[in-house]
Amino acid sequence: SPTFVWQSGLPFTLGFSGCGADVPGSAPCQVNGNAGSLKTGLKGFAGGPSGVTFFTQTPIGTTFTDPGLDNIGNVGRNTAFGPHLFNADMSLSKNFTFVERYTLQLRMDAYNAFNHINYGNPNGNVDTGGSIGGGPYPASLSGTTNPRQLQFTAHVQF
């Protein structure tokens, strides 16, 4: 009995490092440009020197620009999407009947059966390269989540 989940990534907002001095403290930090031109794809690995990044570092002034003093960028809130999520849970069971009154059920459950790594959203900073620091659930420091888990059970019915 399998259960498969394949979802698109969660949305996040694109910003840049130098916007703190350009906009008031309560205003959103957004860039000018087109979120569709962001080159995405997972690069690196969790133990590497630069960690895992989701999009290529883009200096301000190339694909994306600084909106200027007291202006909010035209790239809207939550217009970029993070890495997709894939999970497969499976179970296998067999019933054995004895003397028509007793039943023994042996069952094996596999959570994240294919041991697929699911990453959390990157930071939205276009000039630093979208590093990923954690995963959706349960988060760990290496940026990965939910390793394969196996569970074996025996159930006696009388």
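FYI, it's all coordinate maths here, none of it is from the lab. Note that the structure is a prediction, hence the values are computed from the model and not measured. Heads up, the Cβs are rebuilt from the backbone with ideal geometry, glycines too, and the neighbour counts pull from every protein chain shown.
At a Förster radius of 25 Å, what calculated FRET efficiency corresponds to the Cβ-Cβ distance of Asn95 and Thr3, to the nearest 0.05?
Numbers: r = 21 Å, r/R0 = 0.82.
Approximately 0.75, to the nearest 0.05.
Assuming 0.36 nm per residue, please report the length gained on full extension of the stretch Leu150 to Thr128 beyond their Cα-Cα distance. Kindly include the intermediate steps, with their values, before the conclusion.
Working: separation 22, 0.36 × 22 = 7.92 nm, distance 3.85 nm.
That works out to 4.1 nm of additional length.
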- Query: Kirkwood hydrodynamic radius of the stretch 60-122 from all distinct Cα pairs, in Å?
  - Reply: 17.5 Å
- Query: If you project the alpha carbons of the chain onto their three principal axes, what span does each projection cover, largest first, in Å?
  - Reply: 83, 30, 26
- Note on the structure: Sorting Asn71, Thr97, Ser26 by the position of each Cα along the dipole of the chain (Lys, Arg +1; Asp, Glu -1; all at Cβ), the one nearest the positive end of that ordering is Thr97
